[in-house]
Amino acid sequence: MSDYIKLFSGTSIIVNRLAQILNELGITSIVKDNHESGRLAGFGTLGQSVDLLINESDYEKASEALEDFKKEFSK
């Protein structure tokens with residue numbers, strides 16, 4: 001897992017939509033939901049605790065997709 005880096009953090013809905021977009025571009029991603037993991041373990045977390053991780057080698061292509069997503073989302 002050391003080759004994976006965090007691309008984005010946000011709500012579950014936004015992170016999962018971005019993961020879907022990346023998947024359509026052929027970029028593998030991992031959704032790390034700290035809030036749900038904490039709930040299952042018996043403790044909670046605060047804030048936007050869903051992270052989207054990508055392979056470091058996909059960073060350039062994924063960051064372009066992220067910028068396009070942010071532009072579309074902010075309309």
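Each Lys or Arg adds one and each Asp or Glu takes one away; over the other residues whose Cβ falls under 15 Å from the Cβ of residue 6, this sums to -4. The separation of the range 1-27 from the range 48-75, counted between C-alpha centres, amounts to 6 Å.
If you stretched the chain out fully between residue 69 and residue 25, how much longer would it get, using 0.36 nm times the residue separation minus the C-alpha to C-alpha distance?
Working: separation 44, 0.36 × 44 = 15.84 nm, distance 1.28 nm.
Gain on stretching residue 69 to residue 25: 14.6 nm.
Within a Cβ distance under 14 Å of residue 26, other residues only, what is the Lys/Arg minus Asp/Glu net charge? Local net charge: -3.
Here, each number is a calculation from the coordinates, and none is a lab measurement. Owing to the predicted nature of the structure, the values given are computational and were not obtained by experimental measurement. A quick note on method: Cβ atoms are made from the backbone with ideal geometry, for glycine too, and the neighbour counts reach across all protein chains shown.
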